[in-house]
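K.L.:
Provided herewith is a single structure, encoded as structure tokens, for subsequent inquiry.
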Ligand code: ADP
């Protein structure tokens, strides 16, 4: 805008200059100093200037007052009628008067053009300056408002932040306090546990001592009863016979009680660490059967023992404790069986929930059974089922508690299925003994399953037969026999082209589901 004003301004200034040059030449011509030709040249230059179009798309001619054009016309006419060369003195008088009028008009108009333009330009500059000033003021206002807002925001954020810090500090303090209280509580609980453990140990020591003290005289009493029995002639005095019999039975029950309490307190004792050795359950069970056969024969109960010769039944544990388990269970089975019945003992290798090998012993009788509601209490100390009490079958209610404790120590499981008046089955599952090599193989199963899942999932249909073959073999080697054979069977089917593409896809999905579920089971149960 300023540049265009300048350009128009130079146009106006040049016009003024050419007008001045023209009127000066004209005056000099009138004074006889220059020729008509000189004046005509100036006039031509002025005409040229008047035709120039400026940046505002206007010629100077169009900008000038009509008075100026009229004056030019008069000057042109006078020049035209004058002779060439210097103006003769005779002519000067006639022209000069007329010339003075248009010369002052030309000079006046061109000067006033400059002045008017100057004023217009000044006004324009003032307007621009005012506009800039008001814009600057507005911007300044905006800037100040922005600064005020920013300050308010910073202040507000600061206050919020401080409050937050304060709240967090309070929260941390309260958490620390709670933590300290919890720590103190824990210390108290620990102390209570220690005290209780000490009390329990003292109780165990006491029970142990009392029972030891009881056992010695009791053994002596039983010895004397045996002596009495041999001294007293059987059948001579039925009253004496009955008394000796009652004393004998009660002494034996008492001895059984003392022995059981001693066993339990030994098992409860912290010092009790079972001997860890390889135990063959076939010999443990055979020994127990041997010991209990006389008792079974008395009631004509036949003890049967079944197991497969192809497997071994080794577990890791304490042979004496394990013998006690089987003695208790088989003696119960015999004790609660009717005459002329059978007690069946089976020994087998099975897999537990985590797919680990275990040895299972099941002892089944067809005796009095256990009322269903009472089964959950069976392994509690001194518990005796109502039907056993009603039938006055002797016992202490400690045998199964001892069994449960020993099985627990051996990381096994005991379970019962029973139906009143029909019989019971007690089943003991113990982890099978495994060599370090077998253990390593077991540990690798998760990895093998992972590999099998990836390989089977990502295999092209064309390679599936070979992948199945390889993975089926690997799963079998790592003890996942069932899955292994399933995979190998699929490989065989693919080899004999017995299945179509849809069935292949369906079977792959099902197989992957089975592999995944075993994988999850092994992983979740921590069998790695
Ligand atoms: P006890 O046999 O000395 O009474 P146990 O602890 O061995 O003590 O058994 C607890 C109770 O469990 C028995 O009194 C009996 O009621 C029941 N019981 C155990 N084994 C059998 C069984 N084979 N048949 C029926 N009941 C049984």
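The values are calculated or read from the model by the stated rules, or taken from the named source; none is laboratory data. What you see is a predicted model, and the numbers here were worked out from it, not measured in a lab. Ideal geometry is used to build each Cβ from the backbone, glycine not excepted, and the neighbour counts take in all protein chains shown.
K.L.:
Write out, first by first residue and then by second, each pair whose Cβ atoms fall under 7 Å of each other, whose residues are 6+ apart or on separate chains, and whose first residue, in the stretch 419-433, is in a loop (DSSP other than H, G, I, E, B) while the second is away from the ligand (no atom under 16 Å from the Cβ).
P.N.:
Between residues of the stretch 419-433 that are in a loop (DSSP other than H, G, I, E, B) and residues that are away from the ligand (no atom under 16 Å from the Cβ), the close pairs are 433/278; 433/314; 433/315; 433/316.
K.L.:
Identify, by number, the condition in (1) within 16 Å of the ligand (Cβ to nearest atom); (2) surrounded by fewer than 17 Cβ atoms within 10 Å (Cβ to Cβ) that residue 428 doesn't meet.
P.N.:
(2)
K.L.:
Somewhere in the stretch 441-461, is a residue away from the ligand (no atom under 11 Å from the Cβ), under 28 Å from residue 318 (Cβ atoms) and free of Cβ contacts under 8 Å to residues at least 40 places away in the same chain? Give the derivation first.
P.N.:
From the stretch 441-461, those away from the ligand (no atom under 11 Å from the Cβ) are 441-461; that's our starting set.
Next, from what is left, pick out any that are under 28 Å from residue 318 (Cβ atoms): 441-443.
Of the ones still in play, those that are also free of Cβ contacts under 8 Å to residues at least 40 places away in the same chain are 441.
Taking every residue of the stretch 441-461 in turn, at least one turns out to be away from the ligand (no atom under 11 Å from the Cβ), under 28 Å from residue 318 (Cβ atoms) and free of Cβ contacts under 8 Å to residues at least 40 places away in the same chain.
K.L.:
Another one. Just to check your reading of the model, which residue among 275, 289 is assigned to a helix (DSSP H, G or I) and either more than 27 Å from residue 216 (Cα to Cα) or at pLDDT below 95 (or both)?
P.N.:
Details: 275 fails: assigned to a helix (DSSP H, G or I).
Just a single option satisfies the conditions, and that option is 289.
K.L.:
Would you check if there is a residue in the stretch 319-342 being within 16 Å of the ligand (Cβ to nearest atom), in a strand (DSSP E or B) and over 24 Å from residue 253 (Cα atoms)?
P.N.:
Yes, the stretch 319-342 has at least one match.
K.L.:
Taking residue 347 as meeting all but one of (1) under 27 Å from residue 267 (Cα atoms); (2) within 10 Å of the ligand (Cβ to nearest atom), write down the number of the exception.
P.N.:
The single condition residue 347 does not satisfy is (2).
K.L.:
Given the conditions (1) farther than 30 Å from residue 381 by Cβ; (2) touching a helix residue (DSSP H, G or I) at 6+ places or on another chain (Cβ under 8 Å), which single one is not true for residue 409?
P.N.:
All conditions are met except number (1).
K.L.:
With respect to residue 388, determine if the residue is part of a helix (DSSP H, G or I), out of contact with any helix residue (DSSP H, G or I) (no Cβ under 7 Å at 6 or more places or on another chain) and either at positive phi or near the ligand (Cβ under 9 Å from one of its atoms) (or both). So that I can check it myself, show each step before the final result.
P.N.:
Working: part of a helix (DSSP H, G or I): yes; out of contact with any helix residue (DSSP H, G or I) (no Cβ under 7 Å at 6 or more places or on another chain): yes; either at positive phi or near the ligand (Cβ under 9 Å from one of its atoms) (or both): yes.
Answer is yes for this residue.
K.L.:
Looking at the stretch 267-288, is at least one residue touching a helix residue (DSSP H, G or I) at 6+ places or on another chain (Cβ under 8 Å) and within 13 Å of the ligand (Cβ to nearest atom)? It would help to see each step written out before you state the result.
P.N.:
Of all residues in the stretch 267-288, those touching a helix residue (DSSP H, G or I) at 6+ places or on another chain (Cβ under 8 Å) come to 267-270, 272, 274-275, 277, 279, 281, 284-285, 287-288.
Keeping just the survivors that are within 13 Å of the ligand (Cβ to nearest atom) gives none.
The answer is no; no qualifying residue exists.
K.L.:
Where residues in the stretch 98-115 are over 12 Å from residue 68 (Cβ atoms) and modelled with pLDDT of 80 or more, which of them is surrounded by the fewest Cβ atoms within 10 Å (Cβ to Cβ)? Can you show your working first?
P.N.:
Kept after step one, since they are over 12 Å from residue 68 (Cβ atoms), are these residues of the stretch 98-115: 98-101, 114-115.
Checking the rest, the ones that are also modelled with pLDDT of 80 or more come to 98-101, 115.
Values: 98: 13, 99: 20, 100: 12, 101: 12, 115: 10.
Applying the filter and picking the extreme gives 115.
K.L.:
If you check every pair at least six apart or on different chains, which have Cβ atoms under 8 Å apart with a residue in the stretch 323-337 that is in contact (Cβ under 8 Å) with a residue 40 or more places away in the chain and under 16 Å from residue 388 (Cβ atoms) first and a residue that is more than 8 Å from the ligand (Cβ to nearest atom) and in a helix (DSSP H, G or I) second?
P.N.:
Taking only residues 6 or more apart or on different chains, the pairs are 331/292; 331/295; 334/292; 334/295; 334/296; 335/295.
K.L.:
Quick check: anything in the stretch 211-227 without any contact (Cβ under 8 Å) to a residue 40 or more places away in the chain and closer than 30 Å to residue 431 by Cβ?
P.N.:
Checked the stretch 211-227: no residue is without any contact (Cβ under 8 Å) to a residue 40 or more places away in the chain and closer than 30 Å to residue 431 by Cβ.
K.L.:
Restricting attention to the stretch 448-468, report how many residues are surrounded by 13 or more Cβ atoms within 10 Å (Cβ to Cβ) and outside any helix (DSSP H, G or I).
P.N.:
1
K.L.:
For the stretch 300-318, which positions are part of a loop (DSSP other than H, G, I, E, B) and surrounded by fewer than 17 Cβ atoms within 10 Å (Cβ to Cβ)?
P.N.:
Applying the first criterion (part of a loop (DSSP other than H, G, I, E, B)) to the stretch 300-318 yields 300-301, 308-313, 318.
Answer for the stretch 300-318, where residues must be part of a loop (DSSP other than H, G, I, E, B) and surrounded by fewer than 17 Cβ atoms within 10 Å (Cβ to Cβ): 300, 308, 309, 310, 311, 312.
K.L.:
Shifting gears a bit: Looking at 240, 207, which is the one that is modelled with pLDDT of 85 or more, in a helix (DSSP H, G or I) and surrounded by 10 or more Cβ atoms within 10 Å (Cβ to Cβ)?
P.N.:
On the way: 207 fails: modelled with pLDDT of 85 or more.
After applying the criteria, what remains is 240.
K.L.:
Contact list please: Cβ distance under 6 Å, first residue in the stretch 352-371 and modelled with pLDDT under 95, second residue surrounded by fewer than 22 Cβ atoms within 10 Å (Cβ to Cβ) and not in a strand (DSSP E or B), pairs at least six apart or on different chains.
P.N.:
354/525; 354/527; 358/352
K.L.:
Okay, next question. I'd like the residue in the stretch 366-383 that is within 8 Å of the ligand (Cβ to nearest atom) and farther than 23 Å from residue 321 by Cβ and, out of all such residues, is surrounded by the most Cβ atoms within 10 Å (Cβ to Cβ).
P.N.:
Filtering the stretch 366-383 for residues that are within 8 Å of the ligand (Cβ to nearest atom) and farther than 23 Å from residue 321 by Cβ, the one surrounded by the most Cβ atoms within 10 Å (Cβ to Cβ) comes out as 367.
K.L.:
How many residues does the stretch 392-411 hold that are within 9 Å of the ligand (Cβ to nearest atom) and either assigned to a loop (DSSP other than H, G, I, E, B) or more than 11 Å from residue 325 (Cβ to Cβ) (or both)?
P.N.:
7
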